[in-house]
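Scroll down for the structure; my scribbles are underneath it.
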Amino acid sequence: MITKVDHNKMGRSNLGWLNSLFHFSFAEYYNRNNMNFGSLRVLNDDLIRPHTGFDTHPHRDMEIITYIIDGELTHIDSMGNERTLSRGQVQYMSAGTGIYHSEKNQGEVPLRLLQLWIVPDRRGYQPNYGDHAFDWKSRMNKWLHMVSNVNLKTPITIHQDASVYALYLEKGKRIGFPVRKDRQVYLVQIEGNSLVNDLELMERDAAEIIEESLEIKAISDSHYLLVEMQKQ
């Protein structure tokens, strides 16, 4: 089963410095029928103005993944980490028993990112931070497996049976993605537009897929993020 998620019907917030689309209930957007998709609790498409950002604030018991689309993100946390990431790079934070951090756009152009929160398989992990500067070519017309459970070999690991992939598919090209029984997928059309199992996705749309493999054709050059997880 595949269901299109139209970005025009998503939750929205505009704070001036921050313009967001909420794929699931978050902040002032609340829909009790749209709280999560499996273990994926939050997926926000954020646009942050230059010289602004999220001041220091706490998190706990959540696996947080940030995928940079445009601009630069500067991260500082209570464990002493300070990093600046750019397009196609990924940041991971296991909030565990508690962590404080800030996320800022210190550059001169708008910063666009996807922020994902995945519920861990249990509470109380030791807090942890990591990031990875993936080569852009590693996602050109092929799936880049960036994040997985700790039992698999990916550059970033999380405490949940879930994987995160990126893909940049050139216009006219096709690619598949197998979805096994008892598995489900959340696909985000970050940039461009495409046909996904005959559904047309426009930029910022998404799709929920349950136990149905994917066949994707890029109508224009297209950029995707895909979260694959256990069916719930």
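Laboratory data are not the source of any read-out in this text; all were calculated from the coordinates shown. Nothing here was measured: the structure is a model prediction, and the numbers come from that model. Reconstructed Cβ throughout: ideal geometry from the backbone, glycine too, with neighbour counts over all protein chains shown.
Given axes a ≥ b ≥ c from the Cα gyration tensor, I'd like to know whether region 130-232 is rounded (a/c under 1.5), prolate (a/b larger than b/c) or oblate.
Judged from the Cα gyration tensor, region 130-232 comes out oblate (a/c at least 1.5, b/c at or above a/b).
With +1 on each Lys and Arg Cβ and -1 on each Asp and Glu Cβ, and nothing else charged, work out how big the dipole of region 2-230 is about its Cα centre, in Debye to the nearest 20.
It works out to roughly 280 debye.
Quick one, which of (1) 1.04; (2) 1.12; (3) 0.96 is the actual Cα Rg over 2.2 N^0.38 Å calculated for this model?
Label (3) holds the value from this structure.
Lysine pairs, Cα distance under 22 Å, 8 or more residues apart or cross-chain: how many in the chain?
For the chain, qualifying lysine pairs total 17.
Between GLU203 and MET1, with labels modelled 7 Å along Cα→Cβ, what's the label distance in nm to one decimal, could you check?
Between GLU203 and MET1, the label points sit 3.2 nm apart.
If you stretched the chain out fully between LEU15 and TYR30, how much longer would it get, using 0.36 nm times the residue separation minus the C-alpha to C-alpha distance?
3.7 nm
Classify region 65-134 as rounded, prolate or oblate from the Cα gyration tensor: take a ≥ b ≥ c as the square roots of its eigenvalues, call it rounded if a/c is under 1.5, otherwise prolate when a/b beats b/c and oblate if not.
Here region 65-134 falls in the prolate category.
Rounded if a/c is under 1.5, else prolate if a/b is larger than b/c, else oblate: which is region 74-176, with a ≥ b ≥ c the root eigenvalues of its Cα gyration tensor?
oblate
Which order do peptides 74-83, 16-25 fall in by mean Cβ count within 10 Å, highest first?
16-25, 74-83
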